[in-house]
Amino acid sequence: MTIPIRKTGLLRNESFSFTCNRCRECCKNKKIQINPYETAQLARRLGMTTTRFIERFTVEEGAFLKFTEEGTCAFLGPDGCSVHHDRPLVCRLYPLARHVGEKGEEWFSELEPEPSCRGSYGMESTISEYLAKEDALPYMQAANIYLNLLWKLISALESQEESEQVEGSIEEAVTPENWMDIDAVVTDYCLRNRLQKPQTVNENMRLHIEALEQWIKPT
Ligand code: SF4
Ligand code: SF4
């Protein structure tokens, strides 16, 4: 579902503010994309592994949050978002959207709010201040890291296809179904390298990246 844009090409220093009236309409009928960092944050909050979280709360092999048949996000409760502290980046940014170009250039768009949205746009602060208020910066950093990694994975898989290597291939180790599963990948990596599996999300993410980078490296 594409959300109409009302203004784009905005940079962090530009004026922007938004007052949300918590009507929760924006948690319905959406596709909320998540990356492994966001998955790990949500899984830790719910006290489960990322493997279990992906099975229970996502679709398309962990790429999107699950929505109910009625079209509401699985985490929308009677009092609003039940995972508010660990909500994904797109939920933190809304009604802004963030774009990153091929050379890492960044810009933002103001999205057209839901027809029934009771929030209001303003000009009282800047996009930077809004990002800080929503604690979006660590999520944006993780999004950049995983976007770069995804490009490298795609390119490695393409060159592997071209060279028709089969044995010990990336595809055997990292499948489209499992690469986003931090706990599965890091558990396997720690076993192979006789490491202790870390406790924190950031340390698990660091090893996840390290494991994927190793698989990507040409042998
Ligand atoms: S629809 Fe608008 S007012 Fe309602 S919760 Fe979302 S952003 Fe806030
Ligand atoms: S994670 Fe929370 S904020 Fe995001 S769509 Fe679901 S209920 Fe809404």
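What are the residues in region 8-32 that are at pLDDT below 95 and open to solvent by 80 Å² or more (accessible area, probe 1.4 Å), if any?
Answer for region 8-32, where residues must be at pLDDT below 95 and open to solvent by 80 Å² or more (accessible area, probe 1.4 Å): ASN21, ARG22, ARG24, ASN29, LYS31.
Which residue is least open to solvent (accessible area, probe 1.4 Å), if the candidates are limited to region 75-109 and must be more than 15 Å from ligand 2 (Cβ to nearest atom) and acidic (Asp, Glu)?
Among those residues, the one meeting the criterion is GLU106.
Might you let me know whether region 102-123 holds any residue that is assigned to a helix (DSSP H, G or I), within 20 Å of ASN13 (Cβ to Cβ) and within 16 Å of ligand 1 (Cβ to nearest atom)?
No.
Tally up the residues in region 43-62 that are buried (at least 23 other Cβ atoms within 10 Å of the Cβ) and either under 14 Å from ARG92 (Cα atoms) or modelled with pLDDT under 95 (or both), please.
Residues meeting the conditions: 1.
Taking the residues in region 110-136 that are of a type in the set (Asp, Glu) and either open to solvent by 50 Å² or more (accessible area, probe 1.4 Å) or under 17 Å from the mean Cα position of the chain (by Cα) (or both) as candidates, determine which candidate is nearest to ILE5 (Cα to Cα). Can you show your working first?
Quick first cut of region 110-136, residues of a type in the set (Asp, Glu) only: 110, 112, 114, 124, 129, 134-135.
Now narrow it down to the ones that are either open to solvent by 50 Å² or more (accessible area, probe 1.4 Å) or under 17 Å from the mean Cα position of the chain (by Cα) (or both): 112, 124, 129, 134-135.
Values: GLU112: 5, GLU124: 21, GLU129: 21, GLU134: 21, ASP135: 23 Å.
Looking at residues that are of a type in the set (Asp, Glu) and either open to solvent by 50 Å² or more (accessible area, probe 1.4 Å) or under 17 Å from the mean Cα position of the chain (by Cα) (or both), I get GLU112.
The values are calculated or read from the model by the stated rules, or taken from the named source; none is laboratory data. The model shown is predicted, which means the values in this text are computed figures rather than measured ones. Here Cβ is always computed from backbone atoms with ideal geometry, including for glycine, and neighbour counts include all displayed protein chains. Just the protein is used for accessible areas: all its heavy atoms, side chains included, with ligands, DNA and RNA removed. Shrake-Rupley method; radii C 1.70, N 1.55, O 1.52, S 1.80 Å.
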